[in-house]
Amino acid sequence: MNTGVKARWYFVALPDRDEARAVAARVATGATRVVRHASGRPWLIAHLPQEQITVGEAGADRVAVLGWSSATGGTLRREAGRAGNVAALDELSHTLDGCFSLVASVDGTTRAQGTAAGVRRVFHARIDGVTVVSDRADVLAELGGFPLDETSLTLRLFRKLPHPLAEEPLWRGVEPVPADAYVAVDRRGQLARTACWWRRPEPLLSREAGAERLRDALAGAVAARTRHGGRVHCDLSGGFDSTPITYFAAQGPADVVATTAYNRDPGGGEDLIWARRALPVMPRVVEHVTVTTESMPRFYGGLAGESLPLDDPSDAYRAAPRLLHMMRAAAAHDTRIHFNGQGGDEALTGWLKWEHTLFGTRPLLALRRIRQHQLLEGLTAREAFGGLRDRRTHRRWFTDTVVGAPVRGTGPRGQARPKVSMDWDHVIQWPAWVTRDARQAAGQRLRALARDLTPLGPDIASHAELAAIREGTRIARGTLQLGATLGMSYDAPLSDDRVIEACLAVRREERTSPLEFKPLMREAMRGLLPGDFLRRTRKTGGAAQSVRGLAEHGAELVELCRGSALSELGVIDMDTLREQAFPKDRWMNVRDIDTTLNCAMFAPGTESGGPRGGLPGGTSAGAEGDQDTKERKSDESAAA
């Protein structure tokens, strides 16, 4: 084992075959728990804190929930005893609160799934002649020795990823399971099929009814994590994402340490003012820490010094130095969970493109809302209303816009697009430094995708809202993995399935409004958070800090890219990157360099030690990892 690799939390599920023993032997070292088939062979090997592992067994059948959830051993034993087949577990998947993977073995078939929103994923691969399942693609890639797919990596260089680009496997031989599906592996470990388990709610509820459902769902999401007591940490920015999470955390058995960051930029002190307005109704906030962002790593600073095992080049890489700083500060307060508000913007904010769908059923209301968007965004009439004429199918749009993506800055199509549109998904452009050969290979992949393409919903609004949610959870998934390197659970309850479902169940025209700041959450917290807090109408971002960081660290960022596999494989042209990656004018806010940096950190070059190697032995699971030590050592040695 390579003990220099930072810890990962993950599980591996194996078929009941002797051929799987060699894989088990390579994974079992340092495992928190090994669950066995009735035959005695290893079935589920988990590298997770003990409190995130719940298992129920009935005869030869097993059901396991991995992660934070409301599941109990008794509940899972009953489910295992009455399931009969793996398809019968769909209802359980819709019932539990929290963010978790569900793995089951029923009548010899193994079922594994993540979350429909996408924070937790599952993957499968053929290793040593059998199908192995894990919640981390990089673990399977290392077990099977699978090579990186440079074309999939090239596609990750787009600033935004229209569906299904983020689904393309990053390693040849490792297959992702769709977020709303489970994979079922037969008893011989030979056949793997996927089936959809998630039922998306229809947007039928009023704002009032939806707010009640959202309030209950978020309370359940937080309680699933705090029910064990102890001490937890909450980001408390004073916004409508982090503040409700902190409120519900403060109602449970855990003590809460809350941190509010501020800065000297215009509006940079507002968060502290609003956070203090909310604190009086939070009885279990035992400490409120205030910090200035100047004490944290600068944006874009310190990236070259980080070597992090994530299984996707998400924005978690670019944010890693600052996030790790915050998590280490939380760990100093003896906390085991670090709550954040990721997912709130995607679940609680609407977009102009929604009005394209609303126009088909309520045209006058849609026109009025489009006019509001126009005034707020400073759009021309053509920019605001012109998209209503576009009746292309998703496949036609994808072929025109994604397959035909231009290079940024080359000709009329290469100019900056309006910041809002009625397109099905993101309108993309190639960063100028992606080489012609890399673009041609990616173009072939895009054309193949276009031939067998299914949108996430039947219309623009239903597709776009779910695409946005999964784009956000891709970041939350990365930051969750980032926290695991420190043994910290960095959690985003607003990205849990039950919370997302509560939002999706509300009529879109009542869920959001161009003139209101996250009105569904405001309604959900009415009577719980102080009235003077609920009057907040805006939230200041960190754009100014980001611009300064980009200017300060340009030289080291270029070197980071030069030493990566992107350069070695001929995916990017370094001369063009040096010339065009950094805007010459302050008003140019297109930052194609961001995704390039994420990919460079994800795929270091051979001079930087090459791709991650060796499965980690330890889990950094904290004190929980020392429970039942003798039993686990026996399991680990027997797994071989």
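The values are calculated or read from the model by the stated rules, or taken from the named source; none is laboratory data. Here the structure is a predicted model, which is why all the values come from computation and not from measurement. Glycine gets a Cβ as well: all are built from the backbone with ideal geometry, and neighbour counts include every protein chain shown.
List the residue pairs whose Cβ atoms are under 8 Å apart, where the first residue sits in segment 43-55 and is at positive phi, the second is surrounded by fewer than 23 Cβ atoms within 10 Å (Cβ to Cβ) and of a type outside the set (D, E, K, R), and the two are 6 or more positions apart or on different chains. Pairs found: none.
With the condition kept exactly as written, say whether any residue in segment 255-272 is in a helix (DSSP H, G or I) and at pLDDT 95 or above. No: segment 255-272 contains no residue that is in a helix (DSSP H, G or I) and at pLDDT 95 or above. Scanning segment 206-237 for residues that are outside any helix (DSSP H, G or I) and surrounded by fewer than 22 Cβ atoms within 10 Å (Cβ to Cβ) returns Ser206, Arg227, His228, Gly229, Gly230, Arg231.
With the structure loaded, tell me whether Ser295 is without any contact (Cβ under 8 Å) to a residue 24 or more places away in the chain, under 25 Å from Asp594 (Cβ atoms) and either surrounded by fewer than 19 Cβ atoms within 10 Å (Cβ to Cβ) or not hydroxyl-bearing (Ser, Thr, Tyr) (or both) or whether it fails that test.
For Ser295, the condition - without any contact (Cβ under 8 Å) to a residue 24 or more places away in the chain, under 25 Å from Asp594 (Cβ atoms) and either surrounded by fewer than 19 Cβ atoms within 10 Å (Cβ to Cβ) or not hydroxyl-bearing (Ser, Thr, Tyr) (or both) - is met.
Of all residues in segment 201-243, which are of a type in the set (Ser, Thr, Tyr) and within 16 Å of Ser69 (Cα to Cα)?
Once the filter is applied, which keeps residues that are of a type in the set (Ser, Thr, Tyr) and within 16 Å of Ser69 (Cα to Cα), segment 201-243 yields only Thr226.
Take the conditions (1) in contact with a helix residue (DSSP H, G or I) (Cβ under 7 Å, 6 or more places away or on another chain); (2) crowded, with 19+ Cβ neighbours inside 10 Å; (3) farther than 26 Å from Leu308 by Cα; Thr115 misses just one of them, which is (3). Residues in segment 314-371 that are free of Cβ contacts under 8 Å to residues at least 24 places away in the same chain and part of a helix (DSSP H, G or I): Pro363, Leu364, Ala366, Leu367, Arg368, Ile370, Arg371.
Inspect all residues belonging to segment 502-523 and state whether any of them is within 26 Å of Ser307 (Cα to Cα), surrounded by fewer than 19 Cβ atoms within 10 Å (Cβ to Cβ) and of a type outside the set (A, V, I, L, M, F, W, C). No; the residues of segment 502-523 include none that is within 26 Å of Ser307 (Cα to Cα), surrounded by fewer than 19 Cβ atoms within 10 Å (Cβ to Cβ) and of a type outside the set (A, V, I, L, M, F, W, C).
If you go through segment 281-292 and keep only what is of a type outside the set (Val, Ile, Thr) and surrounded by 14 or more Cβ atoms within 10 Å (Cβ to Cβ), you end up with Met282, Arg284, His288. If the condition is being small (Gly, Ala, Ser), touching a helix residue (DSSP H, G or I) at 6+ places or on another chain (Cβ under 7 Å) and more than 9 Å from Thr479 (Cβ to Cβ), then segment 313-344 contributes Gly341, Gly343, Gly344.
Evaluation of Ala83 against the conditions (1) over 20 Å from Gly108 (Cβ atoms); (2) surrounded by 18 or more Cβ atoms within 10 Å (Cβ to Cβ) shows that the sole unmet condition is (1). Of the residues making up segment 148-179, those that are in a loop (DSSP other than H, G, I, E, B) and more than 18 Å from the chain's Cα centre (by Cα) number 4. Pairing each residue of segment 547-576 that is not assigned by TED's automatic domain parsing to the domain that holds Asp592 and at pLDDT 95 or above with any residue that is outside any strand (DSSP E or B) and aliphatic (A, V, I, L, M), provided the two are 6+ apart or on different chains, yields no C-beta distance under 9 Å.
Restricting Asp532, Asp497 to residues that are under 23 Å from Cys234 (Cα atoms) and in contact with a Cys (Cβ under 8 Å, 6 or more places away or on another chain) narrows the list to Asp497. Only a single criterion out of (1) modelled with pLDDT under 95; (2) in contact with a Lys or Arg (Cβ under 7 Å, 6 or more places away or on another chain); (3) not charged (D, E, K, R) is not satisfied by Gly378, namely (2).
For segment 136-181, a residue qualifies if it is surrounded by fewer than 22 Cβ atoms within 10 Å (Cβ to Cβ) and of a type in the set (Ser, Thr, Tyr), and the qualifying residues are Thr151, Ser152. I'd like the full set of residues that are surrounded by 23 or more Cβ atoms within 10 Å (Cβ to Cβ) and either assigned by TED's automatic domain parsing to the domain that holds Leu494 or more than 19 Å from the chain's Cα centre (by Cα) (or both), limited to segment 126-135. Residues satisfying the conditions are Ile127, Thr131, Val132, Val133.
Whether any residue in segment 17-31 is closer than 28 Å to Trp198 by Cβ and surrounded by fewer than 24 Cβ atoms within 10 Å (Cβ to Cβ) is what I want to check. Within segment 17-31 (the criterion being closer than 28 Å to Trp198 by Cβ and surrounded by fewer than 24 Cβ atoms within 10 Å (Cβ to Cβ)), the answer is no, since none of the residues qualifies.
Screening Tyr182 against (1) touching a strand residue (DSSP E or B) at 6+ places or on another chain (Cβ under 8 Å); (2) of a type outside the set (A, V, I, L, M, F, W, C); (3) not in a strand (DSSP E or B) leaves a single unmet condition, (3).
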